[in-house]
1. When you look at Val133, is it in contact with a helix residue (DSSP H, G or I) (Cβ under 7 Å, 6 or more places away or on another chain) and assigned to a strand (DSSP E or B), yes or no?
2. I'm checking my understanding of the structure. Among residues of the range 275-290 that are free of Cβ contacts under 8 Å to residues at least 60 places away in the same chain and not charged (D, E, K, R), which one is farthest from Gly342 (Cα to Cα)?
3. Out of (1) out of contact with any Asp or Glu (no Cβ under 6 Å at 6 or more places or on another chain); (2) at pLDDT 90 or above, what's the single condition that is false for Asp327?
4. Which members of the range 186-223 meet the condition of being more than 21 Å from His256 (Cβ to Cβ) and of a type outside the set (A, V, I, L, M, F, W, C)?
5. Would you please list the contacts, defined by Cβ atoms under 7 Å and residues six or more apart or on different chains, that run from a residue in the range 210-237 that is of a type in the set (Asp, Glu) to a residue that is surrounded by 12 or more Cβ atoms within 10 Å (Cβ to Cβ) and assigned to a helix (DSSP H, G or I)?
6. How many residues does the range 94-123 hold that are of a type in the set (Val, Ile, Thr) and either modelled with pLDDT under 85 or in contact with an Asp or Glu (Cβ under 7 Å, 6 or more places away or on another chain) (or both)?
7. Considering only the range 36-91, how many residues are small (Gly, Ala, Ser), within 54 Å of the chain's Cα centre (by Cα) and in a loop (DSSP other than H, G, I, E, B)?
8. Can you go through Ser75, Ser112 and tell me which one is hydroxyl-bearing (Ser, Thr, Tyr), surrounded by fewer than 17 Cβ atoms within 10 Å (Cβ to Cβ) and in contact with a His (Cβ under 7 Å, 6 or more places away or on another chain)?
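The values are calculated or read from the model by the stated rules, or taken from the named source; none is laboratory data. Because the structure is predicted, anything quoted here is derived from the model rather than measured. Ideal geometry is used to build each Cβ from the backbone, glycine not excepted, and the neighbour counts take in all protein chains shown.
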Amino acid sequence: MLTAINVDLLPAGAGQVAAVWRDRISLLLESTGEGIFGIDMAGCCVFVNRSAAQMLGWPADAIIGRNMHELIHHSHADGRHYPEADCPIFKAFRQGQPSRVDDEVFWRADGSAFFAEYSSHPIVEHGVVQGAVVTLVNITHRREAQELLRRTNELLETRVAERTSELQASAARLRELANHSETVRETERTRIAREIHDELGSLLVALKMDLQWLQKRLDDRPQLHCKCLDMGRLIDSAVDNVGRIITDLRPSILDHQGLWAALEWQAQEFFAHSAELGSDLQITVAAGVPPPEGGQAIAIFRIFQEMLSNVARHAHARNVQVRLWVDDPPDPVLYLSVRDDGVGAPARALDDARSYGVMGMRERAGHFGGKLSIDSAPGQGTRVRLVMPLHLPVAPSSRPLEVSP
(Lines give C-alpha, C1' and ligand atoms only; values in the text may rest on other atoms or scores of the structure.)
Protein backbone atom coordinates (compact mmCIF):
# COMPACT_ATOMS: atom_id res chain seq x y z
CA MET A 1 0.00 0.00 0.00
CA LEU A 2 1.32 3.42 -0.87
CA THR A 3 1.38 5.50 2.30
CA ALA A 4 0.23 9.09 1.84
CA ILE A 5 2.74 11.69 2.95
CA ASN A 6 1.40 14.70 4.93
CA VAL A 7 3.39 17.51 3.43
CA ASP A 8 2.19 20.10 6.01
CA LEU A 9 3.81 18.23 8.93
CA LEU A 10 7.24 17.99 7.27
CA PRO A 11 10.06 20.44 7.89
CA ALA A 12 10.49 23.31 5.48
CA GLY A 13 11.54 22.00 2.07
CA ALA A 14 10.95 18.37 3.05
CA GLY A 15 7.48 18.35 1.51
CA GLN A 16 8.90 19.31 -1.86
CA VAL A 17 11.41 16.43 -1.64
CA ALA A 18 8.69 13.93 -0.68
CA ALA A 19 6.48 15.13 -3.52
CA VAL A 20 9.35 14.68 -5.99
CA TRP A 21 10.00 11.11 -4.83
CA ARG A 22 6.28 10.33 -4.85
CA ASP A 23 6.05 11.53 -8.41
CA ARG A 24 9.10 9.48 -9.41
CA ILE A 25 7.63 6.33 -7.86
CA SER A 26 4.36 6.97 -9.69
CA LEU A 27 6.23 7.41 -12.98
CA LEU A 28 8.16 4.20 -12.32
CA LEU A 29 4.95 2.24 -11.67
CA GLU A 30 3.29 3.65 -14.77
CA SER A 31 6.27 3.03 -17.06
CA THR A 32 6.91 -0.61 -16.21
CA GLY A 33 5.56 -3.27 -18.57
CA GLU A 34 4.51 -5.56 -15.72
CA GLY A 35 1.14 -5.22 -14.09
CA ILE A 36 1.38 -4.01 -10.49
CA PHE A 37 -1.34 -3.37 -7.95
CA GLY A 38 -1.52 -3.02 -4.19
CA ILE A 39 -4.09 -4.36 -1.76
CA ASP A 40 -4.89 -3.67 1.85
CA MET A 41 -5.55 -6.23 4.55
CA ALA A 42 -9.12 -6.61 3.34
CA GLY A 43 -7.92 -7.50 -0.13
CA CYS A 44 -9.15 -4.26 -1.69
CA CYS A 45 -7.11 -2.46 -4.31
CA VAL A 46 -5.38 0.73 -3.13
CA PHE A 47 -3.38 1.40 -6.31
CA VAL A 48 -2.96 -0.09 -9.78
CA ASN A 49 -0.62 0.87 -12.62
CA ARG A 50 -1.56 1.31 -16.26
CA SER A 51 -0.19 -2.07 -17.39
CA ALA A 52 -2.27 -3.96 -14.83
CA ALA A 53 -5.42 -2.03 -15.71
CA GLN A 54 -4.95 -2.68 -19.43
CA MET A 55 -4.16 -6.33 -18.77
CA LEU A 56 -7.34 -6.75 -16.73
CA GLY A 57 -9.53 -4.69 -19.03
CA TRP A 58 -10.76 -2.38 -16.30
CA PRO A 59 -10.34 1.40 -15.96
CA ALA A 60 -8.03 2.18 -13.06
CA ASP A 61 -10.70 4.10 -11.15
CA ALA A 62 -13.05 1.13 -11.47
CA ILE A 63 -10.53 -1.13 -9.74
CA ILE A 64 -9.59 1.07 -6.77
CA GLY A 65 -11.42 -0.06 -3.65
CA ARG A 66 -12.62 -3.35 -5.16
CA ASN A 67 -11.76 -6.74 -3.65
CA MET A 68 -9.19 -8.04 -6.13
CA HIS A 69 -9.83 -11.72 -5.53
CA GLU A 70 -13.55 -11.33 -6.21
CA LEU A 71 -12.84 -9.09 -9.19
CA ILE A 72 -10.11 -10.98 -11.08
CA HIS A 73 -9.26 -14.23 -9.25
CA HIS A 74 -12.68 -15.67 -8.40
CA SER A 75 -12.54 -18.88 -10.49
CA HIS A 76 -10.13 -21.56 -11.62
CA ALA A 77 -9.29 -22.07 -15.29
CA ASP A 78 -12.00 -24.77 -15.55
CA GLY A 79 -14.65 -22.45 -14.08
CA ARG A 80 -14.71 -23.87 -10.55
CA HIS A 81 -15.16 -21.35 -7.75
CA TYR A 82 -11.90 -20.23 -6.15
CA PRO A 83 -12.47 -19.47 -2.45
CA GLU A 84 -10.64 -16.44 -1.15
CA ALA A 85 -9.35 -18.51 1.77
CA ASP A 86 -7.40 -20.63 -0.72
CA CYS A 87 -5.91 -17.69 -2.63
CA PRO A 88 -2.08 -17.81 -2.41
CA ILE A 89 -1.91 -14.00 -2.58
CA PHE A 90 -4.08 -13.49 0.45
CA LYS A 91 -2.76 -16.45 2.44
CA ALA A 92 0.84 -15.37 1.91
CA PHE A 93 0.69 -11.69 2.75
CA ARG A 94 -1.63 -12.19 5.74
CA GLN A 95 1.05 -14.53 7.12
CA GLY A 96 3.76 -12.01 6.25
CA GLN A 97 5.28 -14.29 3.58
CA PRO A 98 5.90 -13.72 -0.13
CA SER A 99 4.44 -16.14 -2.71
CA ARG A 100 4.90 -16.87 -6.40
CA VAL A 101 2.49 -18.75 -8.71
CA ASP A 102 2.71 -19.47 -12.46
CA ASP A 103 -0.15 -21.92 -13.17
CA GLU A 104 -3.36 -19.95 -12.49
CA VAL A 105 -5.61 -17.59 -14.43
CA PHE A 106 -6.87 -14.04 -13.91
CA TRP A 107 -10.21 -12.88 -15.31
CA ARG A 108 -10.72 -9.77 -17.44
CA ALA A 109 -13.64 -7.38 -17.33
CA ASP A 110 -15.16 -9.03 -20.42
CA GLY A 111 -15.22 -12.44 -18.73
CA SER A 112 -12.22 -13.86 -20.59
CA ALA A 113 -9.28 -15.37 -18.73
CA PHE A 114 -5.53 -15.40 -19.24
CA PHE A 115 -2.73 -17.38 -17.66
CA ALA A 116 -0.63 -15.21 -15.40
CA GLU A 117 2.61 -15.49 -13.55
CA TYR A 118 2.29 -13.44 -10.38
CA SER A 119 4.07 -12.79 -7.13
CA SER A 120 2.85 -11.25 -3.91
CA HIS A 121 5.07 -9.46 -1.39
CA PRO A 122 3.77 -8.16 1.94
CA ILE A 123 4.12 -4.47 2.90
CA VAL A 124 5.33 -4.22 6.47
CA GLU A 125 5.42 -1.00 8.53
CA HIS A 126 6.79 -1.01 12.07
CA GLY A 127 6.65 -4.80 12.10
CA VAL A 128 2.96 -4.89 11.11
CA VAL A 129 1.70 -6.18 7.76
CA GLN A 130 -0.32 -3.41 6.08
CA GLY A 131 -1.08 -5.13 2.77
CA ALA A 132 0.73 -6.50 -0.27
CA VAL A 133 2.08 -5.56 -3.66
CA VAL A 134 1.18 -7.95 -6.47
CA THR A 135 3.14 -8.13 -9.72
CA LEU A 136 1.63 -10.06 -12.65
CA VAL A 137 2.69 -10.95 -16.18
CA ASN A 138 0.44 -12.35 -18.91
CA ILE A 139 2.04 -15.67 -19.89
CA THR A 140 -0.69 -16.88 -22.24
CA HIS A 141 1.59 -16.73 -25.27
CA ARG A 142 4.33 -18.50 -23.33
CA ARG A 143 1.90 -21.24 -22.28
CA GLU A 144 0.66 -21.56 -25.85
CA ALA A 145 4.24 -21.85 -27.06
CA GLN A 146 4.97 -24.43 -24.37
CA GLU A 147 1.83 -26.37 -25.29
CA LEU A 148 2.76 -26.21 -28.97
CA LEU A 149 6.26 -27.41 -28.09
CA ARG A 150 4.80 -30.22 -25.97
CA ARG A 151 2.46 -31.34 -28.76
CA THR A 152 5.30 -31.08 -31.26
CA ASN A 153 7.53 -33.19 -29.03
CA GLU A 154 4.76 -35.76 -28.57
CA LEU A 155 4.20 -35.85 -32.32
CA LEU A 156 7.93 -36.16 -32.90
CA GLU A 157 8.22 -38.93 -30.31
CA THR A 158 5.26 -40.72 -31.91
CA ARG A 159 6.84 -40.46 -35.33
CA VAL A 160 10.21 -41.56 -33.99
CA ALA A 161 8.53 -44.53 -32.28
CA GLU A 162 6.68 -45.40 -35.49
CA ARG A 163 9.84 -45.02 -37.54
CA THR A 164 11.80 -47.07 -35.01
CA SER A 165 9.14 -49.76 -35.14
CA GLU A 166 9.26 -49.72 -38.94
CA LEU A 167 13.05 -49.96 -38.89
CA GLN A 168 12.93 -52.80 -36.38
CA ALA A 169 10.37 -54.61 -38.50
CA SER A 170 12.49 -53.97 -41.58
CA ALA A 171 15.60 -55.23 -39.77
CA ALA A 172 13.67 -58.33 -38.67
CA ARG A 173 12.56 -58.93 -42.26
CA LEU A 174 16.12 -58.46 -43.50
CA ARG A 175 17.35 -60.87 -40.85
CA GLU A 176 14.73 -63.39 -41.90
CA LEU A 177 15.72 -62.88 -45.51
CA ALA A 178 19.40 -63.31 -44.63
CA ASN A 179 18.62 -66.47 -42.68
CA HIS A 180 16.53 -67.77 -45.57
CA SER A 181 19.41 -66.99 -47.95
CA GLU A 182 21.80 -68.84 -45.64
CA THR A 183 19.42 -71.78 -45.48
CA VAL A 184 19.15 -71.84 -49.27
CA ARG A 185 22.94 -71.51 -49.54
CA GLU A 186 23.52 -74.38 -47.12
CA THR A 187 20.99 -76.52 -48.96
CA GLU A 188 22.74 -75.77 -52.22
CA ARG A 189 26.13 -76.53 -50.67
CA THR A 190 24.79 -79.86 -49.46
CA ARG A 191 23.43 -80.67 -52.90
CA ILE A 192 26.68 -79.70 -54.63
CA ALA A 193 28.74 -81.66 -52.10
CA ARG A 194 26.55 -84.71 -52.62
CA GLU A 195 26.78 -84.43 -56.42
CA ILE A 196 30.55 -83.97 -56.30
CA HIS A 197 30.82 -87.00 -54.06
CA ASP A 198 28.49 -89.13 -56.13
CA GLU A 199 29.52 -88.01 -59.60
CA LEU A 200 33.09 -86.73 -59.53
CA GLY A 201 34.14 -89.05 -56.71
CA SER A 202 32.79 -92.07 -58.58
CA LEU A 203 34.52 -90.99 -61.78
CA LEU A 204 37.85 -90.59 -60.03
CA VAL A 205 37.51 -94.00 -58.39
CA ALA A 206 36.66 -95.58 -61.75
CA LEU A 207 39.59 -93.77 -63.37
CA LYS A 208 41.88 -95.01 -60.63
CA MET A 209 40.70 -98.59 -61.17
CA ASP A 210 41.18 -98.32 -64.95
CA LEU A 211 44.65 -96.91 -64.45
CA GLN A 212 45.57 -99.80 -62.15
CA TRP A 213 44.26 -102.24 -64.78
CA LEU A 214 46.38 -100.53 -67.44
CA GLN A 215 49.42 -100.37 -65.16
CA LYS A 216 49.41 -104.15 -64.68
CA ARG A 217 49.66 -104.64 -68.42
CA LEU A 218 52.54 -102.26 -68.91
CA ASP A 219 55.13 -103.92 -66.71
CA ASP A 220 57.25 -104.59 -69.79
CA ARG A 221 57.05 -100.92 -70.82
CA PRO A 222 58.98 -99.05 -68.07
CA GLN A 223 58.32 -95.54 -69.37
CA LEU A 224 54.58 -96.07 -69.65
CA HIS A 225 54.57 -97.83 -66.29
CA CYS A 226 56.20 -94.76 -64.65
CA LYS A 227 53.70 -92.52 -66.40
CA CYS A 228 50.87 -94.57 -64.94
CA LEU A 229 52.38 -94.16 -61.49
CA ASP A 230 52.49 -90.37 -61.96
CA MET A 231 48.93 -90.37 -63.18
CA GLY A 232 47.91 -92.43 -60.14
CA ARG A 233 49.47 -89.88 -57.83
CA LEU A 234 47.58 -87.10 -59.61
CA ILE A 235 44.32 -89.03 -59.26
CA ASP A 236 45.03 -89.53 -55.54
CA SER A 237 45.66 -85.80 -55.21
CA ALA A 238 42.43 -85.08 -57.05
CA VAL A 239 40.53 -87.41 -54.71
CA ASP A 240 42.03 -85.60 -51.70
CA ASN A 241 41.09 -82.20 -53.17
CA VAL A 242 37.58 -83.37 -53.94
CA GLY A 243 37.25 -84.58 -50.35
CA ARG A 244 38.50 -81.24 -49.04
CA ILE A 245 36.06 -79.34 -51.28
CA ILE A 246 33.20 -81.54 -50.12
CA THR A 247 34.16 -80.98 -46.52
CA ASP A 248 34.36 -77.21 -47.03
CA LEU A 249 30.95 -77.23 -48.64
CA ARG A 250 29.30 -79.41 -46.01
CA PRO A 251 31.23 -81.43 -43.41
CA SER A 252 29.61 -84.83 -43.29
CA ILE A 253 30.52 -85.14 -39.62
CA LEU A 254 27.99 -82.39 -38.86
CA ASP A 255 25.17 -84.52 -40.25
CA HIS A 256 26.41 -87.90 -39.04
CA GLN A 257 27.83 -87.17 -35.57
CA GLY A 258 26.32 -83.83 -34.59
CA LEU A 259 27.54 -80.35 -33.72
CA TRP A 260 29.75 -81.21 -30.72
CA ALA A 261 31.83 -83.66 -32.78
CA ALA A 262 31.91 -81.25 -35.73
CA LEU A 263 33.24 -78.38 -33.59
CA GLU A 264 35.91 -80.65 -32.07
CA TRP A 265 36.92 -81.90 -35.53
CA GLN A 266 37.08 -78.35 -36.94
CA ALA A 267 39.28 -77.17 -34.07
CA GLN A 268 41.64 -80.12 -34.41
CA GLU A 269 41.82 -79.61 -38.18
CA PHE A 270 42.71 -75.97 -37.60
CA PHE A 271 45.47 -76.80 -35.13
CA ALA A 272 46.77 -79.59 -37.37
CA HIS A 273 47.20 -77.17 -40.27
CA SER A 274 48.71 -74.49 -37.99
CA ALA A 275 51.54 -76.44 -36.41
CA GLU A 276 53.32 -73.26 -35.31
CA LEU A 277 50.39 -72.28 -33.07
CA GLY A 278 50.20 -73.27 -29.44
CA SER A 279 46.83 -74.99 -29.01
CA ASP A 280 44.51 -75.06 -26.01
CA LEU A 281 41.17 -76.78 -26.63
CA GLN A 282 38.53 -77.60 -24.03
CA ILE A 283 34.98 -78.76 -24.71
CA THR A 284 32.52 -79.39 -21.90
CA VAL A 285 28.90 -80.28 -22.59
CA ALA A 286 26.56 -80.88 -19.67
CA ALA A 287 24.87 -84.25 -19.43
CA GLY A 288 21.51 -84.43 -21.12
CA VAL A 289 22.16 -81.78 -23.78
CA PRO A 290 22.00 -83.21 -27.30
CA PRO A 291 23.57 -81.20 -30.11
CA PRO A 292 21.22 -78.77 -31.86
CA GLU A 293 20.23 -79.57 -35.39
CA GLY A 294 19.20 -77.76 -38.53
CA GLY A 295 19.76 -74.06 -38.97
CA GLN A 296 21.04 -73.39 -35.46
CA ALA A 297 23.72 -76.08 -35.70
CA ILE A 298 24.84 -74.74 -39.08
CA ALA A 299 24.93 -71.16 -37.74
CA ILE A 300 27.09 -72.13 -34.75
CA PHE A 301 29.44 -74.18 -36.92
CA ARG A 302 29.85 -71.39 -39.52
CA ILE A 303 30.46 -68.81 -36.79
CA PHE A 304 33.17 -71.06 -35.34
CA GLN A 305 34.73 -71.48 -38.79
CA GLU A 306 34.79 -67.69 -39.24
CA MET A 307 36.39 -67.24 -35.80
CA LEU A 308 39.23 -69.61 -36.70
CA SER A 309 39.54 -68.18 -40.20
CA ASN A 310 40.04 -64.67 -38.79
CA VAL A 311 42.78 -65.97 -36.50
CA ALA A 312 44.54 -67.63 -39.45
CA ARG A 313 44.27 -64.60 -41.73
CA HIS A 314 44.74 -61.62 -39.44
CA ALA A 315 45.95 -62.46 -35.93
CA HIS A 316 49.64 -63.44 -36.45
CA ALA A 317 49.25 -65.18 -33.11
CA ARG A 318 51.51 -67.62 -31.29
CA ASN A 319 48.82 -69.21 -29.13
CA VAL A 320 45.11 -69.84 -29.59
CA GLN A 321 42.67 -70.89 -26.89
CA VAL A 322 39.31 -72.47 -27.76
CA ARG A 323 36.62 -72.99 -25.13
CA LEU A 324 33.20 -74.55 -25.59
CA TRP A 325 30.87 -74.83 -22.62
CA VAL A 326 27.22 -75.89 -22.64
CA ASP A 327 25.52 -75.60 -19.26
CA ASP A 328 22.84 -77.75 -17.73
CA PRO A 329 19.30 -78.35 -19.02
CA PRO A 330 16.38 -77.65 -19.11
CA ASP A 331 17.39 -74.33 -20.72
CA PRO A 332 21.01 -74.84 -21.75
CA VAL A 333 23.12 -72.01 -23.09
CA LEU A 334 26.13 -72.44 -25.34
CA TYR A 335 29.30 -70.43 -24.66
CA LEU A 336 31.91 -70.54 -27.42
CA SER A 337 35.12 -68.56 -27.12
CA VAL A 338 38.23 -68.19 -29.30
CA ARG A 339 41.10 -66.16 -27.82
CA ASP A 340 44.46 -65.38 -29.43
CA ASP A 341 47.55 -63.40 -28.42
CA GLY A 342 47.99 -61.79 -31.84
CA VAL A 343 48.18 -58.24 -33.09
CA GLY A 344 44.60 -57.32 -32.16
CA ALA A 345 42.50 -54.67 -33.85
CA PRO A 346 41.00 -51.26 -32.98
CA ALA A 347 37.29 -51.12 -32.19
CA ARG A 348 36.52 -49.01 -35.26
CA ALA A 349 37.89 -51.75 -37.52
CA LEU A 350 35.57 -54.32 -35.94
CA ASP A 351 32.55 -52.01 -36.24
CA ASP A 352 33.33 -50.96 -39.80
CA ALA A 353 30.46 -51.54 -42.23
CA ARG A 354 32.88 -53.37 -44.50
CA SER A 355 33.75 -55.97 -41.85
CA TYR A 356 31.50 -58.47 -43.54
CA GLY A 357 32.84 -61.46 -41.60
CA VAL A 358 32.04 -59.86 -38.24
CA MET A 359 28.69 -58.65 -39.53
CA GLY A 360 27.83 -62.12 -40.79
CA MET A 361 28.69 -63.73 -37.46
CA ARG A 362 26.55 -61.24 -35.56
CA GLU A 363 23.61 -61.71 -37.92
CA ARG A 364 23.82 -65.50 -37.67
CA ALA A 365 23.96 -65.28 -33.89
CA GLY A 366 21.17 -62.71 -33.61
CA HIS A 367 18.74 -64.76 -35.66
CA PHE A 368 18.80 -67.53 -33.06
CA GLY A 369 18.74 -65.21 -30.04
CA GLY A 370 22.51 -65.29 -29.54
CA LYS A 371 25.00 -62.52 -28.98
CA LEU A 372 28.51 -62.19 -30.37
CA SER A 373 31.02 -59.99 -28.52
CA ILE A 374 34.57 -59.09 -29.56
CA ASP A 375 37.23 -57.77 -27.18
CA SER A 376 40.33 -56.58 -28.96
CA ALA A 377 42.95 -53.84 -28.90
CA PRO A 378 46.10 -53.29 -30.94
CA GLY A 379 48.91 -55.43 -29.57
CA GLN A 380 46.68 -57.15 -26.99
CA GLY A 381 45.15 -59.99 -28.97
CA THR A 382 41.50 -60.73 -29.62
CA ARG A 383 38.74 -62.64 -27.88
CA VAL A 384 35.56 -63.54 -29.78
CA ARG A 385 32.74 -64.97 -27.67
CA LEU A 386 29.40 -66.40 -28.71
CA VAL A 387 26.56 -66.84 -26.21
CA MET A 388 23.46 -68.60 -27.56
CA PRO A 389 20.48 -70.24 -25.83
CA LEU A 390 19.76 -73.72 -27.17
CA HIS A 391 16.36 -74.60 -25.64
CA LEU A 392 16.69 -78.23 -26.58
CA PRO A 393 14.71 -81.23 -25.33
CA VAL A 394 16.57 -83.23 -22.71
CA ALA A 395 18.26 -86.30 -24.14
CA PRO A 396 19.74 -89.12 -22.04
CA SER A 397 23.46 -89.05 -21.51
CA SER A 398 25.67 -90.63 -18.94
CA ARG A 399 28.37 -88.06 -18.40
CA PRO A 400 29.60 -84.67 -19.61
CA LEU A 401 31.76 -84.62 -22.72
CA GLU A 402 35.26 -83.29 -22.10
CA VAL A 403 37.81 -83.05 -24.88
CA SER A 404 41.32 -81.67 -24.84
CA PRO A 405 44.00 -81.91 -27.52
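1. Working: in contact with a helix residue (DSSP H, G or I) (Cβ under 7 Å, 6 or more places away or on another chain): no; assigned to a strand (DSSP E or B): yes.
In short, no.
2. As a first pass, look at the range 275-290 and keep what is free of Cβ contacts under 8 Å to residues at least 60 places away in the same chain: 275-278.
So of that shortlist, the ones also not charged (D, E, K, R) come out as 275, 277-278.
Values: Ala275: 16, Leu277: 11, Gly278: 12 Å.
In this case the residue turns out to be Ala275.
3. (2)
4. Going residue by residue through the range 186-223, those that are more than 21 Å from His256 (Cβ to Cβ) are 203-204, 206-223.
Correct list: Lys208, Asp210, Gln212, Gln215, Lys216, Arg217, Asp219, Asp220, Arg221, Pro222, Gln223.
5. Taking only residues 6 or more apart or on different chains, the pairs are Asp219/His225.
6. Start the filter on the range 94-123 by keeping residues that are of a type in the set (Val, Ile, Thr), which leaves 101, 105, 123.
Narrowing further to those that are either modelled with pLDDT under 85 or in contact with an Asp or Glu (Cβ under 7 Å, 6 or more places away or on another chain) (or both): none.
Total meeting the criteria: 0.
7. Qualifying residue count, the range 36-91: 3.
8. Details: Ser112 fails: in contact with a His (Cβ under 7 Å, 6 or more places away or on another chain).
Only one candidate passes the filter, namely Ser75.
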